[in-house]
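One structure is given here, and the rest of the page talks about it.
The values are calculated or read from the model by the stated rules, or taken from the named source; none is laboratory data. Everything numeric here is computed off the predicted structure, so don't read it as measured data. Counting neighbours? That spans all protein chains shown, and the Cβs are built from the backbone with ideal geometry, glycine included. Quick note on the areas: whole protein, heavy atoms, side chains included, nothing else; ligands and nucleic acids left out. Shrake-Rupley method; radii C 1.70, N 1.55, O 1.52, S 1.80 Å.
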Amino acid sequence: MQTEITEIICGICGAEDGELEPDLELFDAGLLDSFAVVQMLVEFEGRLGISLDIETLRREDISTPAKIIGLLGGVA
Amino acid sequence: MTPFEGLLFFYIMGLMLLPGVILGLLGRPLKIYGLIFTAVMLTIVFYENGQLLLLCGFYVWQIVLCLGFSRVKNKTKTIFRAAVVLSLLPLLAVKLSAVFPELRLLQLLGISYMTFRAVQVLIDIYDGRTEKPRLLELSYFLLFFPSAAAGPIDRYRRFLGDINRTPGKEEYCELLRRGFWRLMTGAFSGIAVSGIIWAYWLEPLPGGGFMAGLSYMYGYTLYLYFNFAGYSSMAIGTAYILGVRLPENFNKPFLSADMKDFWARWHISLSTWLRDYVYTRFVMGSLKAKRFKNKRTASYIGYIITFAAMGAWHGLSPNYLIYGAYHALLMCVNEALDLHYKSMRKFKQGAVSRVLMAVVTFHFVSFGLLIFSGRLV
């Protein structure tokens with residue numbers, strides 16, 4: 001699942017090869033914004049069957065690829 | 001009487017906060033006293049303003065809607081939408097009365113903020129985040145005195161977490177220290193600094209002329225920031241003393257590198273409310289239903305709807321509506337530039353270019369606030 005999550009994050013962020021380090025701050029780097037977050041959640045729901053409640057999701061919970069993977073690992 | 005203005009207000013509030021401080025220092029629960037504090041302070045302020053009856057009517061209306069909706073067994077989309085429209089009706093009436101002079105009698109301090117809190121509860125009930133709100137907790141949330149008149153707009157479940165938890169003596173001492181500090185710094189910024197800017201910069205300016213307009217634009221931007229950030233700080237400080245950690249409303253907005261960054265730093269509780277309950281819901285619905293060929297179209301239309309709502313929320317007069325449209329346009333252009341010029345992302349991270357972007361963004365923001373001020377239209 002980790003590979004698929006990373007694929008989704010890379011696709012949404014339009015990240016270049018090697019740009020997506022596990023602890024990269026995605027919002028600070030300008031790779032994630034409100035639209036990208038919604039798009040990512042729709043992809044997680046469609047491809048992985050995992051729904052996250054956007055209203056309770058805090059930016060700091062999904063600010064790095066490692067945090068996103070950890071969060072989804074905990075929910076799945 | 002206006003909250004957080006005038007010696008009499010602070011004298012009354014100081015006296016009213018004292019029993020809460022004693023309870024907090026003894027490590028006792030603050031919820032019931034907080035409710036009493038809210039009821040007494042609202043009664044004093046709204047009685048003085050002649051709006052007490054209207055506040056009671058508004059409160060009963062929103063409570064009946066929220067509790068009634070929570071008890072509906074089959075919560076269809078139509079019933080949900082009807083409940084939201086009904087919840088927004090008093091706000092619409094007050095906003096319309098500000099535009100049409102013959103209706104000017106209908107005014108209610110803080111209605112924009114209290115309405116957004118009620119709508120949020122309705123959405124939470126519909127989404128299943130909240131099942132059956134309790135009358136006292138819901139009343140406390142909707143009317144919470146420190147943020148009743150001008151925010152910050154809190155979240156229901158976060159608020160419940162705070163009021164149902166008793167801070168220990170040490171934790172309360174820290175809350176009290178921070179609360180007092182925020183009240184003092186807020187008063188300095190919201191009353192002293194903004195008052196000086198108003199009296200010595202804005203008021204002496206002539207009504208017409210390009211240079212006076214330019215000066216007004218800078219002065220008004222600073223005035224509004226110090227005034228509103230100061231007010232928010234005072235509200236947050238008072239809430240801390242009652243054991244409630246209201247969300248922050250400002251985070252160095254004039255350091256924003258672009259408009260998206262700006263809206264993550266300015267009037268944060270409103271912008272995140274609109275982001276979560278308007279923009280995100282629209283975009284998510286559009287992406288799932290595949291409404292648009294190009295996914296980004298959903299985002300652009302989402303911004304237009306969100307900022308139109310933001311403008312109308314401030315008021316229905318042309319300056320507010322144009323202000324909303326102006327920011328919708330800026331956000332769409334910002335998003336398009338980010339999308340088509342990937343190098344912009346790296347450019348904004350450079351030390352010198354970030355300063356340059358902050359100066360440019362500040363000017364776009366200031367021009368927006370000049371529109372907002374009503375000096376242009």
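Condition first: open to solvent by 50 Å² or more (accessible area, probe 1.4 Å) and assigned to a helix (DSSP H, G or I). Can you find one or more residues in region B:114-131 that meet it? Yes, some residue in region B:114-131 is open to solvent by 50 Å² or more (accessible area, probe 1.4 Å) and assigned to a helix (DSSP H, G or I).
When the test is whether a residue is more than 18 Å from the chain's Cα centre (by Cα), modelled with pLDDT of 95 or more and outside any helix (DSSP H, G or I), B:P204 passes it. Examine region A:15-31 for a residue that is surrounded by fewer than 18 Cβ atoms within 10 Å (Cβ to Cβ), assigned to a helix (DSSP H, G or I) and either more than 14 Å from chain B (Cβ to nearest Cβ) or of a type outside the set (S, T, Y) (or both), and state whether such a residue exists. No. Among the residues that make up region B:53-62, is at least one of them within 30 Å of B:P318 (Cβ to Cβ), outside the structural domain of B:Y140 (by TED's automatic domain parsing) and either among the aromatic types (F, W, Y) or surrounded by 16 or more Cβ atoms within 10 Å (Cβ to Cβ) (or both)? There is no residue in region B:53-62 that is within 30 Å of B:P318 (Cβ to Cβ), outside the structural domain of B:Y140 (by TED's automatic domain parsing) and either among the aromatic types (F, W, Y) or surrounded by 16 or more Cβ atoms within 10 Å (Cβ to Cβ) (or both).
If you go through region B:250-264 one residue at a time, do you hit one that is within 11 Å of chain A (Cβ to nearest Cβ) and without any contact (Cβ under 8 Å) to a residue 12 or more places away in the chain? Within region B:250-264, not a single residue is within 11 Å of chain A (Cβ to nearest Cβ) and without any contact (Cβ under 8 Å) to a residue 12 or more places away in the chain. Exactly one residue out of B:P29, B:P3 is open to solvent by less than 10 Å² (accessible area, probe 1.4 Å) and not in a helix (DSSP H, G or I), and it is B:P3. You will find that of B:R182, B:R158, the residue that is farther than 28 Å from B:A312 by Cβ and basic (K, R) is B:R182 and no other.
The number of residues in region A:35-62 being within 12 Å of chain B (Cβ to nearest Cβ), open to solvent by 30 Å² or more (accessible area, probe 1.4 Å) and small (G, A, S) comes to 2. When B:A98 is tested against (1) away from chain A (no Cβ under 14 Å); (2) open to solvent by less than 20 Å² (accessible area, probe 1.4 Å), exactly one condition is not met: (2). The set of residues in region B:194-212 that are farther than 22 Å from B:F367 by Cβ and open to solvent by less than 70 Å² (accessible area, probe 1.4 Å) comprises B:G195, B:A199. Mind telling me which of the residues B:G213, B:G243 ends up being closer than 24 Å to B:R155 by Cβ and away from every other protein chain (no Cβ under 14 Å)? Criteria check complete, one pass: B:G243. Residues in region B:142-154 include none that are surrounded by fewer than 20 Cβ atoms within 10 Å (Cβ to Cβ), assigned to a helix (DSSP H, G or I) and either touching a residue at least 40 places away in the same chain (Cβ under 8 Å) or not aromatic (F, W, Y) (or both). In region A:53-73, the condition of being modelled with pLDDT of 90 or more and in a loop (DSSP other than H, G, I, E, B) is met by at least one residue.
Of the residues in region B:353-372, none is out of contact with any Lys or Arg (no Cβ under 8 Å at 6 or more places or on another chain), modelled with pLDDT of 95 or more and within 11 Å of chain A (Cβ to nearest Cβ).
Which of the residues spanning region B:347-375 are within 28 Å of B:G311 (Cα to Cα), outside any helix (DSSP H, G or I) and free of Cβ contacts under 8 Å to residues at least 60 places away in the same chain? Of everything in region B:347-375, just one residue is within 28 Å of B:G311 (Cα to Cα), outside any helix (DSSP H, G or I) and free of Cβ contacts under 8 Å to residues at least 60 places away in the same chain, namely B:G374.
Within this structure, A:I68 passes the test of being open to solvent by less than 70 Å² (accessible area, probe 1.4 Å) and either touching a residue at least 60 places away in the same chain (Cβ under 8 Å) or farther than 27 Å from B:M259 by Cα (or both). Residues of region B:109-141 that are of a type in the set (A, V, I, L, M, F, W, C) and free of Cβ contacts under 8 Å to residues at least 40 places away in the same chain: B:F141 alone.
Only residues that are among the charged types (D, E, K, R) and either open to solvent by 20 Å² or more (accessible area, probe 1.4 Å) or more than 11 Å from chain A (Cβ to nearest Cβ) (or both) were counted in region B:314-337, giving 0. For region B:285-313, the candidate set comprises residues that are without any contact (Cβ under 8 Å) to a residue 24 or more places away in the chain and among the aliphatic types (A, V, I, L, M); within that set, the residue that is nearest to the other protein chains (Cβ to nearest Cβ) is B:L287.
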